[in-house]
Each structure stands twice: as C-alpha cells, then as structure tokens.
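The values are calculated or read from the model by the stated rules, or taken from the named source; none is laboratory data. Nothing here was measured: the structure is a model prediction, and the numbers come from that model. No Cβ is skipped: glycine too gets one built from the backbone with ideal geometry, and neighbour counts run over all protein chains shown. All accessible areas refer to the heavy atoms of the entire protein, side chains included, with ligands and DNA or RNA removed. Shrake-Rupley method; radii C 1.70, N 1.55, O 1.52, S 1.80 Å.
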Amino acid sequence: MPYKHLTGLDQINAEEMTQLLELSAKIKADPDAYRTRLAGKSLAMIFQKPSTRTRVSFQVGIYQLGGQALVMGQNDLQLGRGETLADTARVMSRYVHGIMARVFAHSDVVELATHATVPVINGLSDLLHPCQAICDYLTMKEHLGDLSGLRVAYLGDGNNVAHSLAYGAARLGVSLVIGTPGGRYAPDEAVIARAREDAKATGASIDVVEDPREAVAGARVVYTDVWTSMGQEAENERRLADLHAFQLTGELFAQADKDAIFMHCLPAHRGEEVTDEVADHERSVIFDQAENRLHTQKALLVTLMG
Ligand code: CP
Ligand code: NVA
C-alpha cells in the first residue's frame, strides 16, 4: 500500500483512485466476504463539526468489517483543554488502528497525519472532503458507466466538496465544469492548478466559469452543495444573496443533458441551492449517493487498515 493516510485525493494517484472504486464495488456486491477483514481493529473518530452521514457510515462501516469505532467530539478529549494535536495523534496511535477526523482547518488533519503512526483519514476539512468525492464517483459510475470524458457540472460555492471533485476528476479523466459567481466563491486557485496539472495524465479537464447556464449545458451530472458551509454561518445572509442565481431549479436542470442525474453530498438546504423539484426529481440520485458513503469508506478502511 503506497499511501498511508488520506488527507486529500491529491495524495493518491489515478491508479489508486481507480482501485478504491473497484474495491468499493466489490465490497458493495459481497459485503459478507469482508465481514471479518478488520476484526479486532479500532477506528477513532474526532469531530470538530457535526455530521450525520460521515459519522454513521464510518461507524456502521467498520462494524460491518468486524472492527469498532470510537466517536469523540473535540471537547470530549483533552484537545479541548489544550493538549496538542501532535500529542493526541501520538497517544491515539498507541491504542487504535486508524483515526478519522472532521476538522475546520485543513492543517489540523495534516498535523494529525504527520504525528500519527496509524492511518489518518480526512472526514472533511474546510479545504477538502475526499471521502465524499470517492463516493460521488462510484455513484456516477453506477448510474452512467465509464467516467472517462464524463461531463460533470458543479454549481454554487467553490468549496471543499468542489475541490475534492476536482482532484477526483483529474484522476479519473472526468470533464468537470465548476460554475460559481467568482471572487470569494471561486474555488481555491492552488487546488485548481494542482488538479489541472494532474489532469494532464488522464485527459481530464477542469474548467471554472461564472455563468450557471454555461456550467450546466450538456452536463450528464449536475451537482450542488450548500451555500453556507459549516463554520460560515455568520455569512449566511450575504451568501444567500450572492449565490441566488446559482440555485438549481427545474428550469436550470433542464439545460443539462436530457438524461442528466442530480447529485448533492447532503445535507441539502432545500429552497436555497436546490429546489424540491430537482432534489426529488426521478433523476435525482442523492440517496444512492449517501448510501455509497458506506461502501466506499469500507473500501478505504480495508485499504488503509487491512
Ligand atoms: N456529506 C456529508 O459529509 O454529510 P455529513 O456532514 O452528514 O457527514
Ligand atoms: N460544504 C459542506 C459539506 C457538508 C458535508 C460543509 O463543509 O459544510
């Protein structure tokens, strides 16, 4: 196993990304074959932010592999009283076989990975959400087949989810178009530059546009996420106003390919970034997508901790 941690999809290569998707499909098709794969192993999960999918799917996932999870909020740990992340990582490494962390600053998950002697998985940071993107590309593959050259539109805030979709696209040959209002909502320049560099090897393309119609035109996947991510609540009103034109309505969804699917990492703020009409559309795959968090994370746990 050439990679020890998963802090971001920039840390793995195209072949490793493809292998993760293949293993995910195998585990999904035959979960019983993996029932004891992580027997006796423990995963510590540290949450600085709330979670429904990440928390439940990791906890159930490791249980289905024969292991167990410990779920801790930041304030359940001495971290909340000033123990350093480095010491926390060193201590935890003496007890558990893997650490999953959901953090604000991306540097926190990098710091944990630097000092842990067991694998560290990023369960979302302000910069990246790699577990989400692995799940997203498995879902696209299941619904649409070959990912190479697949036209995917991401609409709204150029956030952690958009960044991980870009790194994933670069590894899988996907043609990703990110549509945002620009300025403070544009995706991180360094992430886009790195994704474009990596895209050269697979024929992927990563485009950033400021017109929602241009982003969506002809897309086979239309993806959106909340406009106010965790930690940005004080900006909520401003964000709702600034991103208004990027709301995915039935009318905008109709500009995509006639068989396009709708995706969202969830939680959705219905009536903000997406209308009920699209969220509940017959071509919305959001709950298949949510389910795939379980299967893809099991593949990740087997890869890193098996
Ligand atoms: N998509 C996702 O990560 O959901 P949670 O915040 O509920 O974990
Ligand atoms: N961009 C969102 C994703 C939630 C899963 C956030 O960071 O809050």
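A few remarks follow.
- Accessible surface, region 159-267, averaged per residue in Å² (probe 1.4 Å): 40
- Centroid-to-centroid separation of region 1-79 and region 129-177 [C-alpha atoms, Å]: 20
- Within a straight-line Cα-Cα reach of under 17 Å, LYS258 can be paired with the following aspartates and glutamates, leaving aside sequence neighbours fewer than 8 residues apart in one chain: GLU214, GLU277, ASP280, GLU282.
- The label point for ARG90 and the one for ALA105, both projected 7 Å from the Cα toward the Cβ, are 1.9 nm apart.
- Across region 148-204, the mean sequence separation of Cα contacts (distance under 8 Å, 6 or more residues apart), normalised by length, yields a relative contact order of 46 percent.
- A 1.4 Å probe, protein heavy atoms only, puts the accessible area of ARG53 near 60 Å².
- Solvent-accessible area assigned to carbon and sulfur over the chain amounts to 48 percent, based on a 1.4 Å probe.
- Ellipticity estimate at 222 nm from DSSP helix runs (n ≥ 4, -39,500 (n - 2.57)) divided over the chain, nearest 500: -12000 deg cm²/dmol
- Dipole size of the chain about its Cα centre, with +1 on Lys/Arg Cβ and -1 on Asp/Glu Cβ: approximately 1220 debye, rounded to the nearest 20.
- Sorted from longest to shortest, the spans of the Cα atoms of region 162-306 along the three principal axes equal 44, 37, 31 Å.
- 24 Å Cα-Cα reach of LYS26 towards lysines, excluding residues that sit fewer than 8 places from it in its own chain: LYS4, LYS41, LYS141, LYS298
- Fully extending the segment from ASP146 to ASP211 would add 20.7 nm, taking 0.36 nm per residue of separation and subtracting the current Cα-Cα distance.
- Cα→Cβ-extended label distance, 7 Å offset, between VAL71 and LYS26, nm: 3.0
- Computed lengthening from GLU235 to GLU291, 0.36 nm per intervening residue step minus Cα-Cα distance: 17.1 nm
- For region 127-235, convex hull volume per residue from C-alpha positions, Å³: 89
- In nm, spacing of pseudo-spin labels at ARG81 and GLU277 (7 Å Cα→C-beta vector): 5.6
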